Structures are given as C-alpha cells and as structure tokens.
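Comments concern the structure below.
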C-alpha cells in the first residue's frame, strides 16, 4: 500500500522558494550637500501576498553602511499582521534610505522570519544587495 501524499505546505521551510518570491535592488537617489539618499526597491515576484499566511510571519530588511560597518539598521518590515504591510502580487515598493555621513557603500539584506514574536524563531536569509557609492565632492 502506498503512503498518502502529504499536504503540508513547505514554502515557509524552503529557502530557495522563499528567495524566488522576492527581489531587492538599490538605486542611487537624490544627493545634496546635507544628505545622500539611495532607493531600496522591493518587489514581490510571488503569485500571492509576500509574506503570506499567519500574522506571525514577516520579512525584515536591514541596512548596513560602510566604511564603519556599525550595527545593521532596520529599514522595513513586511507582514500580513493587522493592517497588512505584505507586498501584493507583482507589487514594488521604493523606500528612501538616508545615508549616514561618510558612507561609501550600503548593503541591504532581507530575512524571512517564521514567527516575528519569538526571538528564537527560524530566520532564513533571503537575499542581499550592495551598492558602492560615488565619492562626494
């Protein structure tokens, strides 16, 4: 006799599948004597909200800035919780990121969190992107 097929949803446990649903990109933004900006563009490539399902799930994006490489800064959280901030299918969002003085590069990393309310919950790195900035005058 054959064992019955499993109906467990494995996406939340499959790093490659999670990675295939989200794209992040950094683009140079506005600059002035007082401030430099980069644009973080986050795009949902999945055919459903991202993240989807339980309100406990979330995707966070943190930024690091060099040359100092101080502690990473939270830039965005996407979650289906409450007034959902989850990305709709095909949606792109642009987040303006102000750079600290003297930064010559920025790295943004997206992490899938299975339970955002549990500090011991599974965290899966999804993707990261880095942009080297032109020298300021």
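Any read-out appearing in this document is the output of simple, stated calculations on the displayed coordinates, not a laboratory observation. For clarity, every value in this text was computed on a predicted model and none was experimentally measured. Note: ideal-geometry Cβ built from the backbone for every residue, glycine included; neighbour counts use all protein chains shown.
Give the residue that is nearest to the chain's Cα centre (by Cα), with candidates limited to residues of region 28-50 that are assigned to a loop (DSSP other than H, G, I, E, B) and surrounded by fewer than 16 Cβ atoms within 10 Å (Cβ to Cβ). That would be 45. Whether a residue is part of a loop (DSSP other than H, G, I, E, B) and loosely packed, with under 15 Cβ neighbours inside 10 Å was assessed, and residue 80 does not pass this test. Here the condition is being buried (at least 17 other Cβ atoms within 10 Å of the Cβ), within 12 Å of the chain's Cα centre (by Cα) and either closer than 15 Å to residue 63 by Cβ or free of Cβ contacts under 8 Å to residues at least 40 places away in the same chain (or both); of 103, 110, it holds for 110 alone. Looking at region 56-68, can you tell me whether even one residue there is within 22 Å of residue 104 (Cβ to Cβ) and out of contact with any strand residue (DSSP E or B) (no Cβ under 8 Å at 6 or more places or on another chain)? Yes, region 56-68 contains at least one residue that is within 22 Å of residue 104 (Cβ to Cβ) and out of contact with any strand residue (DSSP E or B) (no Cβ under 8 Å at 6 or more places or on another chain). Quick check, is residue 53 touching a residue at least 12 places away in the same chain (Cβ under 8 Å), in contact with a helix residue (DSSP H, G or I) (Cβ under 8 Å, 6 or more places away or on another chain) and part of a loop (DSSP other than H, G, I, E, B)? It is true that residue 53 is touching a residue at least 12 places away in the same chain (Cβ under 8 Å), in contact with a helix residue (DSSP H, G or I) (Cβ under 8 Å, 6 or more places away or on another chain) and part of a loop (DSSP other than H, G, I, E, B).
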